[in-house]
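All remarks here apply to the structure that follows.
The values are calculated or read from the model by the stated rules, or taken from the named source; none is laboratory data. Since the structure is predicted, the reported quantities are computational estimates derived from the model, not experimental observations. FYI the Cβ positions are ideal-geometry reconstructions off the backbone, even for glycines, and counts take in every protein chain you see.
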Amino acid sequence: MSIQQGSAGGVPVLILKEGATQTKGRDAQKNNITAAKLIAEVVASSLGPRGMDKMLVDSLGDVTITNDGATILKEIDVQHPAAKMMVEISKATDNEVGDGTTSVVVLAGALIEKAEELISKDVHPTIIVDGYRKSAIKAIEILSNLAQKIDGGDKSQLVRIARTSMQTKLVSKESNELAELVVNAAIQVSEKFDSKYKVDIEDVKVEKKAGGSLRDTKLIKGIVLDKEVVHGGMPKRVEKAKIALINSALEIEKTEFDAKINISSPDQMKMFLEEENKMLMTMVDKINKSGANVVICQKGIDDIAQHYMAKANILAVRRVKESDMTKLSRATGARIVSNLDDLSSKDLGLADLVEERKVETDKWVFVEGCRHPKSVTILIRGGSQRVVDEAERSIHDALMVTKDVLERPAIVAGGGSPESYTAGKLREWSNSLSGREQLAAEKFAESLEVIPLRLAENAGMDPIDTLTELRSKQLKGSKWSGIDVRNGKVTDMSKLDIVEPLSVKEQIIKSATEVASMILRIDDVIASSKSGGPPGGGGMPPGGMGDM
């Protein structure tokens with residue numbers, strides 16, 4: 001279809017390329033709204049501790065089993081442009097705060113669905129968007145007043161947060177042990193400035209290996225390298241290790257320009273090889289003089305250099321990733337050296353033990369017992385590869401929420417209680433608005449209640465009865481009343497130790513409101529034809545934006 005404009009002479013003017021499609025007005029809105037609602041529907045059943053998992057099979061046949069909203073949406077190849085926007089907010093929420101990736105999509109879907117009801121009553125989308133924006137600002141204000149301020153470094157509070165994050169995941173049975181482990185790791189790598197904490201999640205290295213069970217997951221005060229010791233003659237275990245981190249190759253460098261050496265007699269050949277040997281031996285001597293008994297090299301190590309190191313009783317590992325070198329530096333206190341001539345005993349890092357161990361079928365090198373490591377490793381074990389993968393995602397989420405609370409120590413109860421409380425307060429506030437914006441604010445409050453509603457539904461509770469009971473308890477002043485999904489009743493969530501970071505809740509409201517506003521404002525979709533597609537359709541069915 002082309003946008004045609006009749007000109008004065010009655011000759012049509014073509015603006016778009018042949019085969020482009022345009023969907024206008026209500027049709028365009030409906031199409032986008034339906035796509036967004038469908039995406040929310042996909043992840044809604046995986047919300048909460050009683051949420052179900054999804055099995056995702058990609059084009060190569062690889063299987064992912066998860067209930068993590070961001071992972072589900074990343075793995076399904078979404079085509080529809082409006083649906084892609086929903087995928088983006090779950091990704092952004094994952095990167096920003098780490099948790100709440102399902103909730104943010106469910107809330108955005110609800111906001112869009114409620115807006116559709118208003119649009120069908122002829123409320124202009126811009127009015128709805130304005131009402132939503134004001135409501136979001138108000139909702140965040142209500143949440144901040146509701147939140148409980150805590151001491152950021154209080155370990156017991158952090159364990160509660162990490163445990164709540166894991167309650168909804170596959171690892172919920174082991175959540176007590178794993179939460180303790182995650183919090184220890186986060187506190188270990190945190191830096192304190194004045195009274196504020198700063199945490200870089202990159203400093204916690206997560207290694208995973210199928211085998212054993214989730215209970216065998218360990219926190220290692222140091223770094224695990226998925227490499228083996230380079231030479232059979234080297235020691236496999238070094239106690240009181242002095243570690244040199246070298247990022248230049250322990251090999252004879254090739255010259256940068258073409259050089260020819262004419263050798264005319266066997267003696268010359270022998271001298272030439274001896275000279276090479278000497279150079280390599282000098283390198284190993286330099287390492288030896290510094291007092292290092294462990295060498296970790298980012299590049300290659302020559303066979304002859306390996307031989308001399310083995311004779312000197314030095315344990316060496318080669319071709320280690322740059323990111324691991326940085327982590328090792330933060331863990332052991334070693335300085336990464338680029339030039340061997342600079343290596344001195346001051347540059348060495350310390351660890352109680354460096355040892356090669358067999359993990360399942362692979363040999364890995366463990367650098368353990370660093371004094372005050374600012375980088376640590378969590379080694380995840382589990383029954384199968386799928387279990388280990390999902391455990392890694394759960395631990396990432398738990399690490400992120402622990403970081404959130406360390407950096408901004410404010411928490412709210414879980415189980416849908418803050419959403420329900422905020423919805424109640426928003427309804428009271430909406431009476432102060434005038435005209436149609438009041439309708440939008442009421443719809444915003446209704447949308448917030450979709451979170452507790454979904455939690456109840458996924459737990460097999462009656463959604464209507466549960467919501468009315470929840471509302472009445474909240475109105476009577478029990479502000480932490482939420483849905484105890486495990487026992488199927490409405491109760492005080494703070495007593496059950498179900499707590500979440502305030503920053504996660506705020507991020508959910510901000511992101512969901514922004515994406516809903518964006519989708520609602522679109523009234524015209526112009527899709528240019530795909531190159532090489534048949535004329536007329538451009539590879540897209542007419543009248544729409546392609547199927548989901």
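What to note about this one:
- Some residue of segment 108-128 being crowded, with 24+ Cβ neighbours inside 10 Å, at negative phi, modelled with pLDDT under 90 and not in a helix (DSSP H, G or I): no
- Being more than 28 Å from R26 (Cβ to Cβ) and not in a helix (DSSP H, G or I) is a property that D77 has.
- Extreme residue, modelled with the lowest pLDDT, among residues of segment 351-365 that are surrounded by 15 or more Cβ atoms within 10 Å (Cβ to Cβ) and of a type outside the set (D, E, K, R): V359
- Failed condition for D99, given (1) within 14 Å of the chain's Cα centre (by Cα); (2) over 29 Å from D523 (Cα atoms); (3) not in a loop (DSSP other than H, G, I, E, B): (3)
Conditions (1) of a type in the set (S, T, N, Q); (2) surrounded by 19 or more Cβ atoms within 10 Å (Cβ to Cβ); (3) touching a helix residue (DSSP H, G or I) at 6+ places or on another chain (Cβ under 6 Å), marked per residue:
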| position | (1), (2), (3) |
| --- | --- |
| L328 | no, yes, no |
| S338 | yes, no, no |
| S345 | yes, no, yes |
| V367 | no, yes, no |
| K374 | no, no, yes |
| Q385 | yes, no, no |
| D389 | no, yes, no |
| R408 | no, no, yes |
| S417 | yes, yes, yes |
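- Count of segment 148-172 residues, restricted to those that are modelled with pLDDT of 85 or more and β-branched (V, I, T), is 3.
Let's see how each residue does on (1) under 31 Å from the mean Cα position of the chain (by Cα); (2) of a type in the set (F, W, Y); (3) closer than 19 Å to D130 by Cβ:
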residue: A445; (1), (2), (3): yes, no, yes
residue: A456; (1), (2), (3): yes, no, no
residue: L467; (1), (2), (3): no, no, no
residue: R471; (1), (2), (3): no, no, no
residue: W480; (1), (2), (3): yes, yes, no
residue: D484; (1), (2), (3): yes, no, no
residue: M493; (1), (2), (3): yes, no, no
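- Cross-chain or 6+ apart pairs with Cβ under 9 Å, segment 437-464 first and in the same structural domain as K505 (by TED's automatic domain parsing) and over 22 Å from A516 (Cβ atoms), then among the polar types (S, T, N, Q) and assigned to a helix (DSSP H, G or I): A456/T466; A459/T466
- Applying the set (1) under 20 Å from A512 (Cα atoms); (2) among the polar types (S, T, N, Q); (3) without any contact (Cβ under 8 Å) to a residue 24 or more places away in the chain to S432 leaves exactly one unmet item: (1).
- The residues listed here are K221, K260; of these, the one that is of a type in the set (D, E, K, R) and surrounded by 15 or more Cβ atoms within 10 Å (Cβ to Cβ) is K221.
- Residue in segment 129-147 that is surrounded by the fewest Cβ atoms within 10 Å (Cβ to Cβ), counting only those that are under 14 Å from V412 (Cβ atoms) and not small (G, A, S): N145
- Scan of segment 139-176 for residues that are acidic (D, E) and under 19 Å from S394 (Cα atoms), ordered by number: E174
- Evaluation of S195 against the conditions (1) touching a residue at least 60 places away in the same chain (Cβ under 8 Å); (2) within 30 Å of V97 (Cα to Cα) shows that the sole unmet condition is (1).
- Scanning segment 129-153 for residues that are without any contact (Cβ under 8 Å) to a residue 24 or more places away in the chain and of a type in the set (D, E, K, R) returns a single hit, E141.
- Pairs, first under 27 Å from N262 (Cβ atoms) in segment 273-290, second modelled with pLDDT of 85 or more and not hydrophobic (A, V, I, L, M, F, W, C), C-beta under 6 Å, six or more apart: L280/D302; M281/Y308
- The strands (runs of 3 or more DSSP E) found wholly in segment 479-524 and carrying at least 1 residues that are of a type outside the set (K, R), surrounded by fewer than 23 Cβ atoms within 10 Å (Cβ to Cβ) and touching a Ser or Thr at 6+ places or on another chain (Cβ under 7 Å) occupy 481-484, 489-492.
- Checklist (1) outside any loop (DSSP other than H, G, I, E, B); (2) crowded, with 16+ Cβ neighbours inside 10 Å applied to R26, failing item: (2)
- Index of the failed condition, I246 passing every other in (1) over 25 Å from K346 (Cα atoms); (2) of a type outside the set (G, A, S); (3) at pLDDT 85 or above: (1)
- Condition met for G300 (touching a residue at least 40 places away in the same chain (Cβ under 8 Å), in contact with a His (Cβ under 8 Å, 6 or more places away or on another chain) and small (G, A, S)): no
- From the options R335, R319, R330, residue that is in contact (Cβ under 8 Å) with a residue 60 or more places away in the chain, on the phi > 0 side of the Ramachandran plot and within 34 Å of the chain's Cα centre (by Cα): R319
- Of the candidates K374, K363, K346, the single residue that is basic (K, R), within 27 Å of the chain's Cα centre (by Cα) and at negative phi is K374.
- So R50, is it among the charged types (D, E, K, R), modelled with pLDDT of 80 or more and either assigned to a loop (DSSP other than H, G, I, E, B) or not assigned by TED's automatic domain parsing to the domain that holds L496 (or both): yes
- Checking each residue in segment 445-478 for being over 19 Å from S430 (Cβ atoms) and outside any helix (DSSP H, G or I) picks out A459, G460, M461, D462, K476, G477, S478.
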